[in-house]
Amino acid sequence: MTTRQQGQDAETQVYDYLQQQGLKPLARNVRSYRGEIDLIMEEGDTVVFIEVRLRTRTDFGSGAESVTRSKQKKLIATAAYYLQQNKRLAKRPARFDVVSVSSQQNMDWIKNAFEV
């Protein structure tokens with residue numbers, strides 16, 4: 001299995017898990033000129049932008065630790081683009097979550113992982 005396929009599988013597992021936790025899907029793999037957001041879901045009235053990080057090794061830290069300030073800026077810019085395209089969602093509260101998946105399929109869901 002390629003790294004890309006592993007990443008897609010992890011994203012699908014997170015997608016299914018978050019739906020079981022009550023989140024409702026809005027979009028997957030939203031791209032803009034600045035970057036990509038893996039999952040966009042809603043929890044109650046809140047729009048949730050979700051970055052999924054797969055780590056097969058922990059030598060370089062967890063998946064959550066790999067979401068650098070630079071990556072955060074790209075996620076924020078892409079979220080702004082998405083909200084401009086979906087004006088009905090623009091006035092709702094929003095947050096950024098990170099879900100780190102290990103090679104053992106353990107998930108660490110960090111709500112409100114960073115702020116704008």
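Some points to look at:
- Index of the failed condition, Ile50 passing every other in (1) at pLDDT 90 or above; (2) closer than 19 Å to Ser102 by Cβ; (3) open to solvent by 50 Å² or more (accessible area, probe 1.4 Å): (3)
- Residue among Arg55, Arg31 that is modelled with pLDDT of 90 or more, touching a helix residue (DSSP H, G or I) at 6+ places or on another chain (Cβ under 9 Å) and open to solvent by 50 Å² or more (accessible area, probe 1.4 Å): Arg31
- Of all positions in segment 7-23, none carries a residue that is at pLDDT 95 or above, more than 9 Å from the chain's Cα centre (by Cα) and assigned to a strand (DSSP E or B).
- In segment 1-28, residue farthest from Gln85 (Cα to Cα) [restricted to those that are of a type in the set (D, E, K, R) and open to solvent by less than 80 Å² (accessible area, probe 1.4 Å)]: Asp9
- Inspection of segment 106-115 finds a residue satisfying the criterion of being of a type outside the set (Lys, Arg), modelled with pLDDT under 90 and in a loop (DSSP other than H, G, I, E, B).
For every residue, the table says whether it meets (1) of a type in the set (S, T, N, Q); (2) within 22 Å of Thr2 (Cβ to Cβ); (3) modelled with pLDDT under 95.
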| position | (1), (2), (3) |
| --- | --- |
| Pro25 | no, no, no |
| Glu65 | no, no, yes |
| Ser70 | yes, no, yes |
| Tyr81 | no, no, no |
| Ser102 | yes, yes, yes |
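- Looking only at segment 85-116, and only at residues there that are surrounded by 15 or more Cβ atoms within 10 Å (Cβ to Cβ) and of a type in the set (Val, Ile, Thr), the one that is farthest from Leu54 (Cα to Cα): Ile110
The values are calculated or read from the model by the stated rules, or taken from the named source; none is laboratory data. Given the structure is predicted, the values throughout are model-derived calculations rather than measurements. In this analysis, Cβ positions are derived from the backbone assuming ideal geometry, glycine residues included, and neighbour counts consider all displayed protein chains. Heads up: the accessible areas ignore ligands, DNA and RNA and are worked out on the full protein's heavy atoms, side chains in. Shrake-Rupley method; radii C 1.70, N 1.55, O 1.52, S 1.80 Å.
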